[in-house]
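Scroll down for the structure; my scribbles are underneath it.
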Amino acid sequence: MKVAVKFYAQLRDLAGASELNVDLPERSTMADLLAEIYRQKPALRAHDKTTLLGVGVEFVNRDYEIQTGDEVAIMPPVQGG
């Protein structure tokens, strides 16, 4: 299945793009998606522990099973001032 991934803030700069389409097998999880993204964009791995994952308007965990048509958002933690 194809998964549309959007990057935000400094992760977009590290990825070198605001969006990426990733091919994954059916029943893949967010952890599987991240592994493939880090394979393609190794600079993002350094932010793994603080990366937030979203599908639609909900935050999800790494064990979330990606569904066909999901649009995934990958973003740094929100910081206030």
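The values are calculated or read from the model by the stated rules, or taken from the named source; none is laboratory data. Keep in mind the model is a prediction, meaning the values are calculated, not measured. Neighbour counts are summed over all protein chains in view; Cβ atoms, including those assigned to glycine, are modelled from backbone coordinates with ideal geometry. Ligands, DNA and RNA are stripped out before the accessible areas are found, and what is left, the full protein with its side chains, is counted by its heavy atoms. Shrake-Rupley method; radii C 1.70, N 1.55, O 1.52, S 1.80 Å.
Before moving on, here are some points about what is shown:
- Residues (at pLDDT below 95 and either within 14 Å of TYR8 (Cα to Cα) or in contact with a strand residue (DSSP E or B) (Cβ under 8 Å, 6 or more places away or on another chain) (or both)) located in the stretch 52-62: GLY56
- The set of residues in the stretch 15-51 being over 18 Å from GLU71 (Cα atoms), in contact (Cβ under 8 Å) with a residue 12 or more places away in the chain and in contact with a Phe, Trp or Tyr (Cβ under 8 Å, 6 or more places away or on another chain) consists of LEU44, ASP48.
- Among (1) modelled with pLDDT under 95; (2) under 13 Å from the mean Cα position of the chain (by Cα), the one test that GLY80 misses: (2)
- Within the stretch 65-75, tally of residues that are surrounded by fewer than 16 Cβ atoms within 10 Å (Cβ to Cβ) and at negative phi: 4
- Taking every residue in the stretch 57-78 that is over 18 Å from ALA46 (Cα atoms) and pairing it with any residue that is basic (Lys, Arg) and not in a loop (DSSP other than H, G, I, E, B), at least 6 positions away or on another chain, the pairs with Cβ-Cβ distances below 8 Å are GLU71/LYS6; VAL72/LYS6.
- Looking only at residues in the stretch 1-51 that are in contact with a strand residue (DSSP E or B) (Cβ under 7 Å, 6 or more places away or on another chain) and among the basic types (Lys, Arg), the one that is nearest to PRO76 (Cα to Cα) is LYS6.
- Residues located in the stretch 29-68, provided they are among the polar types (S, T, N, Q) and closer than 13 Å to LYS6 by Cα: THR51
- Of the candidates ARG27, ARG62, the single residue that is touching a Ser or Thr at 6+ places or on another chain (Cβ under 7 Å) and open to solvent by 70 Å² or more (accessible area, probe 1.4 Å) is ARG62.
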